[in-house]
Each structure stands twice: as structure tokens, then as C-alpha cells.
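What follows draws every value from the coordinates through simple rules; no lab data is involved. Just so you know, these numbers come straight off a predicted model, no measurement behind them. We place every Cβ from the backbone using ideal geometry, glycine too, and count neighbours over all the protein chains shown.
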Amino acid sequence: MLIDERPLVVDARARIGDWEGDLIVGGGGGSAIGTLVDRHSRMVLLVHLPHGHNADQMRDGLRHAFGRLRPAERLTLTWDQGSEMAAHDGIQDLFAEGVYFAHPGAPWQRGTNENTNGLLRQYFPKGSDLSRHDAEALKSVEDRLNNRPRKILGWRTPAQVHTDAVSSSAV
């Protein structure tokens, strides 16, 4: 489904569970890391893709990453129209309100993720071999970003905002 069909509440950023996703690709296109960010809390999840980033590998990586969250923390996912999401039907069941795709050539429709990818490039420079980063290294970067105060969050951290949202909604 296209982003135009996404529930309007997603635009309000008023709840956790509405995710944006993308890949950052390493030098020569041979390695990648999946990047996920919650629109409300700005919480980051990184998808370890040690054996490549084709559609089946991406599906399996997303199932693993989102498997760490409770169903109420997984409402929607918005992605670009990259071939890595060709097996998106294999993750539909994880999202209560669906998987959506931005229009081609419209990265601003996933602006939170694009901004997050810019932050991630501090840790994973363009042109580098991303396959050299194991799951533990990705978790370390996740923790750093999720515990880094953000102006957009009133200088609270994504972890604090996420925890508060989970607590107040009895997820």
C-alpha cells in the first residue's frame, strides 16, 4: 500500500509503533544495515544483515528486529520502494495497521528515517564495508543513539520517550 493509504494518526507522531525503515549501503553495494526509527520516540533499531540484503534476508532481519517488541509497539512500517522489500508480505503479520511504501523518489516522506541515517553515518561512514560490524556493534550504536538527548524531544532521549509512552499506554 502506498503512504497515502496510511492511517492519518501516523502523521501526528502522537503514539509509538509507527516505524520508518531504510537501508544504509556500504561501499560497492555489497553490504548494508537496515535502519528503523519510531516516528514518535525516535527510538532506533538496527537490522544486522551479515549475509546480504536481498528481499529474503531483509524479511528475516526485520522479523528478528521487530520480534524484540510487543505487538502494541508495532503498528505500521513505512519504507521506500527498494527491491529489498519485495518479500514484505512475510512481515505483514507483525504490523497491526500495515506496511506502507513512500512514493518513488520521495525520501522526505520518511524524513525521520532519513535524518536518522545521517546520524548513523557518524558511526558507519559512506563507502565503508558495513559487513565488518557484528550484531554486538550494531546494538552498541543503537544504545548510543537511543540514549542521546534530542532537541526535538525537549532534550529527552528516545529511550526515555519510548519508556514513558509504553508506561502510559500500558502496552
Between Arg70 and Arg121, what is the FRET efficiency for a Förster distance of 22 Å, r being their Cβ-Cβ separation, to the nearest 0.05? 0.15
Would you mind ranking Lys151, Lys139 so that the residue whose beta carbon has the fewest other beta carbons within 10 Å leads the list? Lys151, Lys139
Report the full-extension gain for the segment Arg148 to Asp129: residue separation times 0.36 nm, less the Cα-Cα distance, to one decimal in nm. 4.3 nm
Would you grab the residues whose amide H sits under 5 Å from the one on Phe124? Only those 5+ places off in sequence or on another chain, please, with H modelled 1.01 Å from N. none
To check my understanding: the extent here is largest minus smallest coordinate of the Cα atoms along each principal axis. What are those three numbers for the range 6-169, in Å, largest first? 43, 32, 29
Would you please name the trypsin sites (Lys or Arg not before Pro) within the range 1-99 that are DSSP coil residues with at most 15 other C-beta atoms within 10 Å of their C-beta? Arg13, Arg68
